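Since the structure comes first, as structure tokens, the remarks are kept for the end.
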Amino acid sequence: MRVYNRALGLINEESHLGISLSKDLGEGIAWIKGVEFSEGIIEFDVRGEDVKQHSFVGMAFHAKDHDTFDAIYLRPFQFQEPDEILRSHGIQYISLPDFTWRILREKFPDKYEHAVIPAPDPNDWVHVRIIIKGSVITTYINDNQEPCLVVEKLTALTIGGIGFYVADTSGGDFANLTITKTK
């Protein structure tokens with residue numbers, strides 16, 4: 001792994017062997033060396049925490065560099081939020097640098113983020129399955145048969161690096177990664 005803007009630790013739990021990325025300012029990514037990804041399935045387990053505005057955990061893909069990539073990430077602190085609007089921000093697609101969460105929420109409300117249903121425990125491991133086929137990105141949570149988020153990519157990037165992603169002020173735990181390429 002090649003780590004950008006975070007410290008990396010190891011996790012050795014009974015069913016979760018993986019990595020932990022430290023908390024810090026700005027985006028942090030643990031890039032998987034030697035892997036370029038275009039289409040297929042990315043599956044992994046991720047654990048954030050129930051700390052408001054400090055837990056943003058997911059996967060970056062189609063990366064050109066540290067600043068230009070697509071990502072799907074979770075906001076665990078929103079999973080069980082009583083307020084329906086805040087709860088609807090549980091999972092997010094972004095395409096940096098042009099399409100940050102702020103821009104997407106302002107220009108396309110409710111299109112690139114959604115509630116995670118059923119809501120997992122925000123402090124527990126969550127299984128994520130991201131399917132990328134052409135310009136469509138479909139994300140499933142905890143083996144649910146219904147997708148949690150389906151979006152059209154916003155950029156022309158169709159191949160690039162892949163890595164575990166944490167956003168500003170956030171750290172996170174990642175395990176059990178499998179990548180199935182179809183292209």
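Some observations on this one:
- Checked against (1) of a type outside the set (Lys, Arg); (2) under 16 Å from residue 160 (Cα atoms); (3) touching a residue at least 24 places away in the same chain (Cβ under 8 Å); (4) out of contact with any Gly (no Cβ under 9 Å at 6 or more places or on another chain), residue 34 passes all but a single condition, namely (3).
- Top-ranked residue in region 117-140 [being part of a loop (DSSP other than H, G, I, E, B) and in contact with a helix residue (DSSP H, G or I) (Cβ under 8 Å, 6 or more places away or on another chain); ranked as farthest from residue 93 (Cα to Cα)]: 123
- Per the listing 117, 85, 94, the residue uniquely over 19 Å from residue 57 (Cβ atoms) and either of a type outside the set (Asp, Glu) or within 14 Å of the chain's Cα centre (by Cα) (or both) is 85.
- Boolean, residue 65 is closer than 26 Å to residue 133 by Cα, more than 17 Å from the chain's Cα centre (by Cα) and surrounded by fewer than 16 Cβ atoms within 10 Å (Cβ to Cβ): no
- Annotation: of all residues in region 131-147 being among the hydrophobic types (A, V, I, L, M, F, W, C) and surrounded by fewer than 21 Cβ atoms within 10 Å (Cβ to Cβ), the one that is nearest to residue 58 (Cα to Cα) is 131.
Where a number appears in this text, it was derived from the coordinates with a stated rule and is not lab data. Since this is a predicted model, take the numbers as computed values, not measurements. Cβ atoms come from the backbone with ideal geometry, glycine included; neighbour counts cover every protein chain shown.
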